[in-house]
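The values are calculated or read from the model by the stated rules, or taken from the named source; none is laboratory data. Since this is a predicted model, take the numbers as computed values, not measurements. Here the Cβ is made from the backbone with ideal geometry for all residues, glycine too, and neighbour counts use every protein chain on show. Quick note on the areas: whole protein, heavy atoms, side chains included, nothing else; ligands and nucleic acids left out. Shrake-Rupley method; radii C 1.70, N 1.55, O 1.52, S 1.80 Å.
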Amino acid sequence: MRLYKAELYKLCHRKIFVIGSACVIGIMLFFFTVWVSEEWAYVDGITYQGYEGIKVNRRITEEFEGVLTDDKVNDIIEKYGFPQKVIQDYGGFRDANFLNAWVVEYLSDGYFRDFDDIKAASRTYPIGETLLGEASQKSGREIILEYSNGWNVFLQFMQVGMILGGILIVFSLAGIFAGEGQTKMLSVIFTTKEGRSKDITAKYAAAFTVAAGVWCMIVIMGLVLCGLVYGFGGLDCMIGTTKIVFLNTNRTVTMQRVGSFVITVLLFSLLGILLLCAVTLCISARFRSVFHAVVSAALYFAAPILIWLLIFSRGFGGIVRIITSLLWYLLYATPFYLIQYGTFIDIYQIRYVIGGIALSAFAYCAVSAYRSYQKQAG
């Protein structure tokens with residue numbers, strides 16, 4: 001326990017970790033304020049922007065919360081009308097609020113796809129005649145209407161935060177083993193077999209504590225901010241009826257409840273962070289230079305996007321296309337994609353396979369790092 005506390009203290013008090021943590025928190029607060037400022041609500045001839053818009057949207061939605069019916073849809077349009085006003089560089093009808101914009105999106109003949117592809121709604125359709133009704137029938141669940149914008153912001157917060165947290169983990173942990181070799185401390189640490197075993201265990205425990213702590217910091221920060229501003233409503237909605245993803249009845253994932261979707265995304269992101277920690281330890285144990293360890297770990301973390309730019313952004317056919325498709329799915333099991341909620345939408349049908357690959361890689365890297373660091377004593 002003493003060695004563990006010493007290693008944890010050493011990791012948490014490094015300048016790179018302290019400054020990096022402060023930067024992550026600052027950047028996430030900046031992004032959050034931007035996302036808050038992007039919401040608006042038009043009610044009784046007044047446009048409410050930012051936090052005021054969120055409060056108004058939450059308030060007017062309370063009246064219609066619960067199981068959606070055709071009568072509720074008609075009451076919404078009767079009270080707030082169809083939005084029609086469009087202003088350049090604003091992505092949506094400016095005279096809309098959460099309720100009538102939601103009706104236009106899923107239950108009307110209107111749409112806002114682009115500034116060159118807009119149609120103001122003139123009528124609503126019965127729920128049973130829409131994709132929404134079809135999704136309800138296929139899933140066997142009733143359509144729930146609740147204010148749910150907060151969960152979209154939370155998932156965006158998580159995605160950006162986890163990428164920043166991953167960078168922080170790489171720079172903070174890449175030197176945990178390599179640093180001992182660089183400072184010529186291995187001969188002292190590995191004086192006895194017992195000392196070797198205790199030292200590795202303490203370093204492992206401290207490293208994974210830091211990684212899990214970074215994940216918890218981002219999750220808790222996101223939940224607190226989104227809960228205070230947006231509330232926690234919308235967990236019973238289908239994600240296809242939220243801003244998280246467009247409704248598509250060909251994708252089973254769009255019919256999942258927001259609550260179960262968020263929990264799964266959190267678990268996959270935790271797996272991605274722990275896998276990144278294990279790979280970073282594995283790389284660190286193979287180098288006696290902190291610089292080389294950091295560069296290698298950073299390249300591993302960024303490799304999926306680099307591979308995409310070099311290979312997948314180009315079109316291929318035949319056997320090459322099959323091989324690249326298989327490689328693409330393997331890349332989904334890397335930390336860079338596991339920590340992004342958009343990945344889960346793409347891999348929903350094979351999520352257990354991807355999770356199994358990631359867990360196998362985690363186990364291999366954890367064992368490999370242990371053995372590699374032991375060999376350095378020789």
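Kirkwood Rh, the range 1-67, all Cα pairs: how many Å?
Details: mean 1/r = 0.0642 Å⁻¹.
Mean inverse Cα-Cα distance, inverted, gives 15.6 Å.
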Cα point-scatterer Debye curve for the range 23-103, base-10 log of I(q)/I(0) at q = 0.22, 0.23 Å⁻¹:
-1.01, -1.07
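Is there a quick way to get the dipole size of the range 28-166? I mean about its Cα centre, with the Cβ of Lys and Arg at +1 and of Asp and Glu at -1; what is the value in debye to the nearest 20?
Working: 12 positive and 22 negative charges, 49 e Å.
With only Lys, Arg, Asp and Glu charged at Cβ, the dipole is about 240 debye.
With the full set of protein chains in place, find how many percent of the accessible area of the range 1-57 is carbon and sulfur; take the probe as 1.4 Å.
Working: 2420 of 3530 Å².
That fraction is 69 percent.
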For the range 1-136, what is the largest minus smallest coordinate of the Cα atoms on each principal axis, given in angstrom and ordered from greatest to least?
69, 35, 29
Around Leu68, which amide H atoms from residues at least 5 apart in sequence, or from another chain, sit under 5 Å from its own amide H, with H modelled in the peptide plane?
Ile143, Ile144, Leu145
Amide H of Lys85: which non-local residues (sequence gap of 5 or more, or other chain) have their own amide H closer than 5 Å, using H built in the peptide plane?
Arg94, Asp95
From the phi of every residue in the range 289-297, what ³J(HN,Hα) in whole Hz does the Karplus formula 6.51 cos²θ - 1.76 cosθ + 1.60 yield, where θ is phi - 60° and glycine or proline is x?
9, 4, 4, 5, 5, 5, 4, 5, 5
Could you state the angle between the C-alpha long axis of helix 318-331 and the longest principal axis of the C-alpha atoms of the chain, as a value from 0 to 90 degrees rounded to the nearest 10?
80
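Sorted by average packing, counted as other Cβ atoms within 10 angstrom per residue and highest first, what order do 74-83, 146-155 take?
Numbers: 74-83: 16.3, 146-155: 24.2.
Those peptides, ordered most packed to least, come out 146-155, 74-83.
Solvent-accessible area per residue for the range 33-123 at a 1.4 Å probe radius, Å²?
Working: 4940 Å² over 91 residues.
Using a 1.4 Å probe on heavy atoms only, each residue of the range 33-123 averages 54 Å².
Order these peptides, 96-105, 263-272, 40-49, by their mean beta-carbon neighbour count within 10 angstrom, highest first. Don't skip to the answer; put the middle values down first.
Working: 96-105: 23.4, 263-272: 19.6, 40-49: 15.4.
Peptide ranking by packing, descending: 96-105, 263-272, 40-49.
Give the Rg/Rh ratio for the chain, taking Rg as the radius of gyration of the Cα atoms and Rh as the Kirkwood radius, to two decimals. Can you show the working numbers first?
On the way: Rg = 24.8 Å, Rh = 23.3 Å.
Rounded to two decimals, Rg over Rh is 1.06.
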Distance between Cα centroids, the range 252-308 to the range 82-129: provide it in whole Å.
39
Value of [θ]222 nm, deg cm²/dmol, for the chain, DSSP H segments ≥ 4, -39500 (n - 2.57) each, nearest 500
-21500 deg cm²/dmol
At a Förster radius of 25 Å, what calculated FRET efficiency corresponds to the Cβ-Cβ distance of Ala120 and Thr252, to the nearest 0.05?
0.15
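Quick one: grab the alpha carbon gyration tensor of the range 88-173, order the square roots of its eigenvalues as a ≥ b ≥ c, and give me rounded if a/c is under 1.5, else prolate or oblate depending on whether a/b is larger than b/c. Mind showing how you got there, number by number?
Numbers: a/c = 3.15, a/b = 1.69, b/c = 1.86.
Note, shape of the range 88-173 comes out oblate.
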Thinking of the range 202-260 as a set of Cα atoms, what percent of all their pairs are more than 17 Å apart?
58
Within the chain, the cysteines whose Cβ lies no closer than 4.7 Å to any other cysteine Cβ are Cys12, Cys23, Cys216, Cys226, Cys237, Cys277
Lys, Arg +1 and Asp, Glu -1 on Cβ, resulting dipole of the chain about Cα centre, debye, nearest 20:
2620
